[in-house]
Every structure is written in structure tokens, then in C-alpha cells.
Amino acid sequence: MRVTIEEDKCCGAGQCVLAAPTVFDQREEDGIVILLDETPPDDKLAEVRQAIRLCPALAIKVEV
Amino acid sequence: MRRVVIVGASAAGLAAAETLRAEGFGGTITLVGEERHAPYDRPPLSKQLMSGAWEAGRLALRDQAALDALGAEWRLGVRAVSLDVAARRVTLENNDGLDFDGLILATGVRPRRLPGRMPAGVHVLRGLDDALAIRDALAAKPRVAVIGSGVLGTEFAATARGLGCEVTLVGQAALPMARQFGARIGEMIAQRHREAGVALLPSTQVLRIEGADHVTGLRLPGGRILPAELVLVAIGSVPTTGWLAGSGLDLADGVVCDAFCQAAPGIYAAGDLASWWHEGYGRRLRIEHRMNASEQGAAAARNLLGAREAFRPIPFLWSDQFDVKLQSYGLFPPGGEIEIEPDAAAPGRFVALCRVEGRLVGALGWNAVRALRQARQRLAGALMADA
Ligand SMILES: Cc1cc2nc3c(=O)[nH]c(=O)nc-3n(C[C@H](O)[C@H](O)[C@H](O)COP(=O)(O)OP(=O)(O)OC[C@H]3O[C@@H](n4cnc5c(N)ncnc54)[C@H](O)[C@@H]3O)c2cc1C
Ligand code: SF4
């Protein structure tokens with residue numbers, strides 16, 4: 001899968017990090033999402049989907 | 001179950017529809033929404049949309065392709081006017097009847113208004129149309145008076161000030177947002193607003209709105225008039241339950257649900273509208289925040305499909321004011337003890353913890369994203385330990 005983020009939409013809610021800690025992190029200054037892994041292994045798909053569902057800013061997309 | 005009706009086509013309703021499909025529900029889904037807009041996000045209304053950083057199109061919760069992929073029937077621009085629980089039918093204002101096997105109620109809240117007719121220039125802020133009207137009016141740099149110093153009023157004051165308007169924040173409370181976060185945090189928020197040039201009028205009761213056709217100001221005690229050409233009334237909200245009167249549902253505080261977000265057999269509620277029994281906190285909650293709308297919409301949908309999972313989230317909210325990003329997890333009940341943990345490495349950032357009888361119940365981050373996330377794990381632990 002391929003994960004993409006839109007930094008300028010992100011509001012720093014951090015739900016992505018809680019849902020998929022190996023895929024996402026946040027900048028300390030403003031909480032904006034950092035993509036740790038653009039192509040996570042397939043067993044992370046459920047976590048990434050959960051992050052997409054919870055992200056209030058709709059800043060995350062995945063292509064499978 | 002073949003037919004699910006969802007009333008309220010916003011964050012909670014959309015999450016419910018998406019979850020039904022994600023869980024494999026293949027029947028019909030009908031979404032009814034009073035607003036003519038496809039589902040959009042409200043938090044930016046007082047932030048990026050109001051400041052002019054974003055155009056309205058960016059608020060769409062999903063693009064058209066994603067909405068189409070849901071395979072739902074959309075009834076937008078039409079209000080539901082009644083619910084017959086026994087006959088399992090929702091009636092719309094155009095007299096259409098929608099029969100259902102499962103129902104999810106997600107009609108949110110409406111702004112509380114001041115009594116009487118208001119002159120032009122007096123606004124409330126809940127929907128996109130409200131926000132666009134206010135944004136247009138702010139372009140003329142009116143003097144702004146905000147009535148109500150809760151989260152919405154305080155945040156709007158910051159945004160209007162950021163646009164260069166003269167802003168006065170009038171609150172009945174002694175400190176802004178103190179009801180949410182207590183006096184210590186309220187004092188810091190007040191301080192940040194004063195530094196930015198917002199005039200604060202705490203502990204003040206507005207006696208009346210002045211102006212015949214257009215507002216000219218607020219009448220305050222002692223014969224004082226606060227001049228203003230734009231007034232935002234942000235004095236809280238009321239759950240949109242009027243259309244459910246007579247349905248037999250318990251409407252004591254929004255739609256009253258059990259721990260599974262169920263209001264009656266086959267009927268669930270979610271989002272700002274729903275109060276439910278939170279097993280982790282051992283009390284009833286009704287939460288008017290964005291994250292909860294999505295989480296509860298999803299939980300209600302799963303339970304409608306038979307999951308029987310108690311809904312026990314860690315409440316989350318955020319607010320952006322000037323250069324301060326506030327985020328909080330959990331609850332800050334009155335009488336809670338606040339302890340501030342400054343970030344030694346970074347002045348001006350901190351996490352505030354709230355305890356009741358020694359038990360951690362809430363955590364707030366002031367420009368402290370990462371530290372707050374650690375605090376959240378402790379909070380989650382405290383919540384589980386008690387279940
Ligand atoms: C300006 C503003 C800023 C905010 N900022 C933040 C923030 O920074 N952080 C945060 O956590 N939360 C914030 N919130 C709160 C957040 O937006 C709400 O919690 C969230 O929108 C609730 O979603 P909901 O789906 O439950 O209800 P709503 O979004 O209120 O949606 C309810 C929908 O139901 C429709 N409806 C009502 N009655 C009927 C009827 N009879 N028939 C058909 N349709 C009906 C309404 O028109 C509406 O579209 C903000 C809210 C506002 C207004
Ligand atoms: S959940 Fe969304 S908004 Fe929050 S940090 Fe992650 S990407 Fe940003």
C-alpha cells in the first residue's frame with residue numbers, strides 16, 4: 001500500500017499516531033503529521049484505515 | 001435488517017453510514033440532512049474559513065467519488081419532522097415517509113439564541129452559511145463584540161482579532177473557557193488574549209442589544225454601552241430534539257442512550273445530540289466535539305449491526321487561538337485539581353493534568369503535542385483500571 005498525507009490540512013489531532021504508531025508521527029512544534037513509512041507492510045492496513053477514519057482533518061489517503 | 005435511515009448528514013451521520021458499509025451492510029442507507037450542503041467539517045468555520053486561509057470547498061468531509069461509493073440515498077435540504085417509534089417511520093417536512101428497520105439519530109445541536117428579534121449584524125455560528133455571512137461582514141473591519149466566553153466565543157474572538165478587528169469578549173464567567181478547563185488555564189488564555197489586544201469584559205451580563213435595523217452596541221450594567229457593528233452570540237447550544245417530541249424517546253439531555261448508544265430497540269444516537277452512559281467514567285456524558293462525532297457515529301453503526309460494544313472513548317478536543325494550540329483528553333470536572341507539568345526544554349509549552357480524588361481524569365496540552373500524547377496513555381490506563 002502507499003500512504004500519502006496533506007500536511008496543510010492536518011490539524012495535529014494525533015489520532016493517526018495513536019492508530020498506527022509505526023506509520024505516523026507528529027512534529028513537536030505544531031503537531032503536524034510526519035509520515036514515517038510511505039509504504040507500510042500489508043499487515044498495517046487495518047491500522048492505517050483506522051487512522052483515516054479517525055483523522056478529523058481528512059489529511060490521510062491510502063492506495064492499496 | 002434491510003433499511004437504515006440516518007437523520008443528520010454531518011460528521012456523526014457520515015461516520016455511521018461509512019461504518020455500516022465497512023462492516024458489510026448491503027441494504028439501503030438513507031441520509032437525511034436539513035442543510036443543502038454535502039457533509040462538511042465545522043471546526044474550520046471559526047478558524048481557517050473565518051480567517052480566509054481556506055475556501056469553503058476545503059471543508060467537504062468527502063469528495064464526490066467517496067460519497068458515491070457509499071451507495072446511499074441522500075435527502076439533503078429537507079428536515080425530518082417526526083418519528084413514529086412503533087410504526088418505524090420517519091416523516092420529512094415534505095410529508096415523505098421513510099420506513100426503517102434501523103435508525104441512527106445524528107441531528108446535532110443548535111446555537112442557543114437571545115430572546116426577541118435581533119437587528120442585522122447579530123450572528124450565531126454553527127453552519128457554513130452562518131460562517132460565510134460573518135466572514136463577509138468582517139471584511140469591513142467592524143467593531144466586534146462576542147457574547148459568551150466558552151470555547152467557540154473565545155476562539156472566534158482570536159480569529160476576528162487576527163483579522164485586525166477591534167474585539168471585545170464579554171462573558172458571564174470570570175475567565176474565558178474556565179468552565180471547560182478551570183481557573184488556572186482560563187487565566188492563561190485570558191492573558192494571551194490581552195497580549196493580542198482583545199478587550200476582556202468578564203463577569204458581565206449583557207442587558208440588551210442596541211440598534212433598530214442594524215446593531216450599534218451592547219447595553220451593559222451601569223448604563224454603559226459597548227459599541228459594536230458585529231455581535232456574535234456564543235452562549236452555548238441546545239440539542240436538536242424538537243422534531244422528536246412526542247416520539248416517546250427520553251429527551252432529558254439530547255437523546256438519552258444506554259452504554260451502547262441505543263435509545264430504543266433498533267434506534268441509536270450519535271454525536272453532539274447523544275448522551276450516553278460512559279462505563280469508564282461511570283457517568284452520563286454528552287460531548288459536543290468533533291472527534292466524538294466520528295467515533296460515536298461508528299460505534300452506533302456497529303452496535304446497530306449487533307456488535308454490543310460499550311462506547312467508552314477518551315474525549316478529545318482542540319482549539320487554535322493565536323499561536324496557541326490547545327488540545328485536551330478526558331474531562332476537567334469542576335473541583336478537579338490541576339497540576340501543571342512544564343516542559344523543561346521548551347518554555348511556554350506544558351501539560352496540565354486534572355485529578356479528582358487523586359485519580360487522573362483529564363490532560364490538556366498547551367503547544368505540547370507529544371507530551372500530551374504520553375499523558376493520554378496514562379489517562380487510558382486510569383480509565384481501564386476503573387472499569
Ligand atoms: C464553529 C465551530 C467550531 C468548532 N470547533 C471545534 C474544534 O475546534 N474542536 C472540536 O473538537 N469540535 C469543534 N466543533 C464541534 C464539532 O463541529 C461538532 O462536535 C460536530 O460537528 C458534531 O457533529 P454531529 O454530526 O454530531 O452534529 P452536526 O455537525 O451539528 O450535524 C447535525 C446535522 O443534522 C442536521 N439536522 C438537524 N436537525 C435535522 C432534522 N430535523 N432533519 C434533518 N437534518 C437535521 C443539521 O442541519 C446538521 O447538518 C466546532 C463547532 C462549530 C460550530
Ligand atoms: S489524525 Fe489527521 S489531523 Fe491528526 S495529526 Fe494525524 S493527519 Fe493530522
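What is the P(r) of the stretch A:2-63, as percent of Cα-Cα pairs per 5 Å bin from 0?
4, 22, 37, 26, 9, 2, 0
Using the Cβ atoms and a cut-off under 12 Å, what net charge is assigned to the surroundings of B:V238, where Lys and Arg are +1 and Asp and Glu are -1? Provide the component values of the computation, followed by the final result.
Details: positive: B:R110, B:R112, B:R113, B:R126, B:R286; negative: B:D253, B:D272, B:E288.
Net local charge, B:V238 excluded: +2.
Expressed as a rounded percentage, what relative contact order does the stretch B:285-387 have, with Cα pairs under 8 Å and six or more residues apart? Numbers along the way, then the final one.
Values: 148 pairs, mean separation 19.4, N = 103.
Computed over the stretch B:285-387, the figure is 19 percent.
Could you tell me what % of all Cα pairs in the stretch B:234-308 have separations over 15 Å? Each step should come with its number before you reach the end.
On the way: 1471 of 2775 pairs.
Of the Cα pairs, 53 percent sit more than 15 Å apart.
Using a Förster distance of 22 Å, how high is the FRET efficiency between B:D99 and B:R284, based on the Cβ-Cβ distance and rounded to 0.05?
Working: r = 31 Å, r/R0 = 1.42.
Given R0 = 22 Å and the Cβ-Cβ separation, E is 0.10.
Can you tell me what the convex hull of the Cα atoms of the protein assembly as shown projects to on average, as an area in nm²?
Details: hull surface 88.1 nm².
Its Cα hull, projected and averaged over all orientations, spans 22.0 nm².
Nearest 20 debye, what's the magnitude of the dipole of chain A about its Cα centre given +1 on Lys and Arg Cβ and -1 on Asp and Glu Cβ? Don't skip to the end; give the middle numbers.
Numbers: 7 positive and 13 negative charges, 64 e Å.
About 300 debye.
How do A:D43, A:D30 rank when sorted from fewest to most other Cβ atoms within 10 Å of their own Cβ? Intermediate results must be reported in sequence, preceding the final value.
Working: A:D43 7, A:D30 14.
Ordered from fewest to most neighbouring Cβ atoms within 10 Å, A:D43, A:D30 come out as A:D43, A:D30.
Roughly what % of Cα-Cα distances in the stretch B:171-243 sit above 20 Å, to the whole percent?
45 percent
Taking Cα atoms, how many degrees apart are the long axis of helix B:128-138 and the longest axis of chain B, rounded to 10 and kept between 0 and 90?
Value to nearest ten degrees: 20.
Find the eigenvalues of the gyration tensor of the Cα atoms of the stretch B:84-124, then list the square roots of 5 times those eigenvalues as equivalent ellipsoid semi-axes, largest first, in whole angstrom. Could the numbers behind the result be given before it?
On the way: eigenvalues 233, 32, 15 Å².
Over the Cα atoms of the stretch B:84-124, the ellipsoid semi-axes are 34, 13, 9 Å.
I need to check one value: relative contact order of chain B, counting alpha carbon pairs closer than 8 Å and at least 6 residues apart, in percent.
Values: 864 pairs, mean separation 59.4, N = 387.
Relative CO of chain B lands at 15 percent.
For peptide B:360-367, compute the average count of partner chain beta-carbon atoms within 10 Å of each residue's beta-carbon.
Details: counts 0, 0, 0, 0, 0, 3, 0, 4.
Across the residues of B:360-367, the mean count of other-chain Cβ atoms within 10 Å is 1.
Counting only other residues whose beta carbon sits under 14 Å from that of B:E341, what net charge do I get with K and R as +1, D and E as -1?
Values: positive: B:R184, B:R349, B:R355, B:R370, B:R373, B:R376, B:R378; negative: B:E337, B:E339, B:D343.
Value of the local net charge: +4.
Given the Cα-Cα distance of B:L76 and B:I340 and 0.36 nm per residue of separation, how much length would full extension add, in nm? The partial results should precede the final answer.
Values: separation 264, 0.36 × 264 = 95.04 nm, distance 4.66 nm.
90.4 nm is the gain from fully extending B:L76 to B:I340.
Taking 35 Å as R0, compute the FRET efficiency from the Cβ-Cβ separation of B:A66 and B:R208 and round it to 0.05.
Numbers: r = 47 Å, r/R0 = 1.35.
Using R0 = 35 Å, I get an efficiency of 0.15.
Given an 8 Å cut-off on Cα distances and at least 6 residues of separation, report the relative contact order of the stretch B:113-233 as a percent. Walk me through the intermediate numbers first.
Numbers: 230 pairs, mean separation 38.7, N = 121.
In percent, rounded to a whole number, it is 32.
Select from B:A259, B:A65, B:A274 the residue whose mean-square fluctuation is largest in a Gaussian network model of chain B (Cα-Cα springs shorter than 10 Å).
Of B:A259, B:A65, B:A274, the most mobile in the Gaussian network model is B:A65.
For chain B, rounded, prolate or oblate, judged on the Cα gyration tensor with a ≥ b ≥ c (square roots of eigenvalues), a/c < 1.5 rounded, else prolate if a/b > b/c?
On the way: a/c = 1.85, a/b = 1.27, b/c = 1.46.
It comes out oblate by the Cα gyration axes.
Placing +1 at every Lys and Arg Cβ and -1 at every Asp and Glu Cβ, with all other atoms neutral, what dipole size does chain B have around its Cα centre, in debye to the nearest 20?
Working: 43 positive and 40 negative charges, 116 e Å.
Rounded to the nearest 20 debye, it is 560 debye.
Report, as an integer, the average count of C-beta atoms from other chains found within 10 Å of each Cβ along A:4-16. If you can, show how the numbers build up before the last one.
Details: counts 0, 0, 0, 0, 4, 5, 0, 10, 6, 8, 10, 4, 0.
Mean partner-chain Cβ count within 10 Å for A:4-16: 4.
If you add up the charges near B:A22, with Lys and Arg at +1 and Asp and Glu at -1, over every other residue whose beta carbon is less than 13 angstrom from its beta carbon, what do you get? Provide the component values of the computation, followed by the final result.
Numbers: positive: A:R49, A:R53, B:R21, B:R302; negative: B:E18, B:E23.
Value of the local net charge: +2.
How far is helix B:178-195 tilted, in degrees, relative to the longest principal axis of the Cα atoms in chain B, given as a value from 0 to 90 rounded to the nearest 10?
Once rounded, one gets 40 degrees.
If we restrict to alpha carbons, what Rg and Dmax does the stretch B:186-296 come to, in Å?
Considering the stretch B:186-296 through its Cα atoms, Rg and Dmax are 20.1, 56 Å.
Taken together, the values in this text are just the output of simple stated rules run on the coordinates, not laboratory data. Source: prediction; values computed, not measured. Quick reminder, even Gly has a Cβ in these numbers, built from the backbone with ideal geometry, and neighbours come from all protein chains shown.
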